[in-house]
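Below: the structure, in structure tokens.
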Amino acid sequence: MITASELTKRYGDKTVVSDLTFTVRPGTVTGFLGPNGAGKSTTMRMILGLDAPTHGTATVGDRAYADHRAPLHEVGALLEARSVHPGRTAHHHLVALALTHGIPRSRVDHVLDLTGLTDVAGQRVKGFSLGMGQRLGIAAALLGDPATVILDEPVNGLDPEGVLWIRNLLKSLAAEGRTVFVSSHLMSEMALTAEHLIIIGRGRLLADTTVDTFVRESGAGTVKVVTPEAGLLAQLLAAPHVDVTSTTPGTLEVHGTDAEHIGRTAAAHNIPLFELTPHAASLEAAFMDLTRDSLEYAAHLEPA
């Protein structure tokens with residue numbers, strides 16, 4: 001289990017992580033989401049003792065990472081896949097890690113096979129593609145058969161087969177009762193992989209909930225309405241945070257309110273409805289809706 005309590009990190013007058021409190025529990029894949037610059041990597045670094053918090057604490061298995069006598073047996077982490085001596089082979093890199101923790105060499109062979117690197121184990125890392133480097137980083141994270149796995153953007157550089165592989169791997173690790181904490185910018189992949197979400201923006205906690213609850217309760221869903229009185233109904237639905245658009249005569253797309261409210265409004269004004277269909281939000285839409293005010297780097301498209 002990972003526990004962050006009032007975790008705060010400042011660099012000079014800039015606060016990168018602010019009063020962050022959450023718990024990552026075993027037996028489930030927990031997605032760690034946030035826009036660029038939200039503080040995800042800094043938070044992971046504080047959990048792993050690579051950065052010292054300005055305030056607050058982070059523990060793994062009820063103790064700080066540095067207090068574990070054999071960390072690789074307790075926590076497996078991937079923060080930067082390319083932090084490997086380029087002259088070493090994949091096999092030698094893993095053997096060197098194993099020797100520091102008394103891990104048998106048979107475990108090296110096991111993780112090489114698990115990550116699909118057996119055939120290239122004798123090659124120097126400098127010749128590895130980004131995807132192969134990611135696989136090696138994951139192999140290193142799993143080397144000590146840890147109870148807790150922390151992965152920062154593990155699907156970077158992986159081909160479709162690799163993405164499917166890491167998805168199934170994360171689910172299987174959680175099913176074994178391990179704590180799995182993984183960050184990603186790929187919302188479609190998180191929707192298929194994670195069960196729980198911790199979302200931050202500008203270093204602050206925005207959501208700590210299940211994927212299903214987050215998507216269901218978000219205001220990012222739309223309702224399709226077909227009516228001969230589309231113009232009148234659009235006027236009646238006008239309200240702060242309600243967006244009504246129409247690309248086809250007689251059809252409305254309503255964002256910001258639910259089908260029940262639309263139906264009651266139409267009934268109160270004797271407006272016939274030919275269709276009233278809610279469309280649930282995707283994880284991506286719900287995430288964008290939640291974090292739109294937390295973007296540190298917002299792009300603006302010029303009109304065509």
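The values are calculated or read from the model by the stated rules, or taken from the named source; none is laboratory data. All figures in this text were calculated on a predicted structure; none of them were measured in a lab. A quick note on method: Cβ atoms are made from the backbone with ideal geometry, for glycine too, and the neighbour counts reach across all protein chains shown.
Worth pointing out:
- Residue count for segment 146-186, restricted to those that are small (Gly, Ala, Ser), in contact with a strand residue (DSSP E or B) (Cβ under 8 Å, 6 or more places away or on another chain) and either closer than 23 Å to Asn36 by Cβ or in a helix (DSSP H, G or I) (or both): 3
- Test for Leu236: is it of a type outside the set (Gly, Ala, Ser), surrounded by fewer than 21 Cβ atoms within 10 Å (Cβ to Cβ), in contact with a helix residue (DSSP H, G or I) (Cβ under 6 Å, 6 or more places away or on another chain) and not assigned by TED's automatic domain parsing to the domain that holds Ser18: yes
A quick yes/no check of all residues on (1) aliphatic (A, V, I, L, M); (2) part of a loop (DSSP other than H, G, I, E, B); (3) more than 17 Å from the chain's Cα centre (by Cα):
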{"site": "Lys9", "(1), (2), (3)": "no, no, yes"}
{"site": "Phe22", "(1), (2), (3)": "no, no, no"}
{"site": "Ala38", "(1), (2), (3)": "yes, yes, no"}
{"site": "Gly49", "(1), (2), (3)": "no, yes, yes"}
{"site": "Gly56", "(1), (2), (3)": "no, no, yes"}
{"site": "Ala77", "(1), (2), (3)": "yes, no, no"}
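- Test for Ala267: is it out of contact with any Leu (no Cβ under 7 Å at 6 or more places or on another chain) and either of a type in the set (Val, Ile, Thr) or over 23 Å from Pro154 (Cα atoms) (or both): yes
- Residue match in segment 104-114 (condition: touching a helix residue (DSSP H, G or I) at 6+ places or on another chain (Cβ under 9 Å) and polar (S, T, N, Q)): no
- Residues of segment 119-169 that turn out to be among the charged types (D, E, K, R) and within 19 Å of the chain's Cα centre (by Cα), as a count: 5
- Complete set of residues in segment 187-218 that are crowded, with 16+ Cβ neighbours inside 10 Å and in a helix (DSSP H, G or I): Met187, Glu189, Met190, Ala191, Thr193, Val211, Phe214, Val215
- Residue within segment 89-112 that is without any contact (Cβ under 8 Å) to a residue 12 or more places away in the chain and not in a helix (DSSP H, G or I) present: yes
- Residue check, Ala70 touching a strand residue (DSSP E or B) at 6+ places or on another chain (Cβ under 7 Å), at pLDDT below 95 and in the same structural domain as Gly133 (by TED's automatic domain parsing): no
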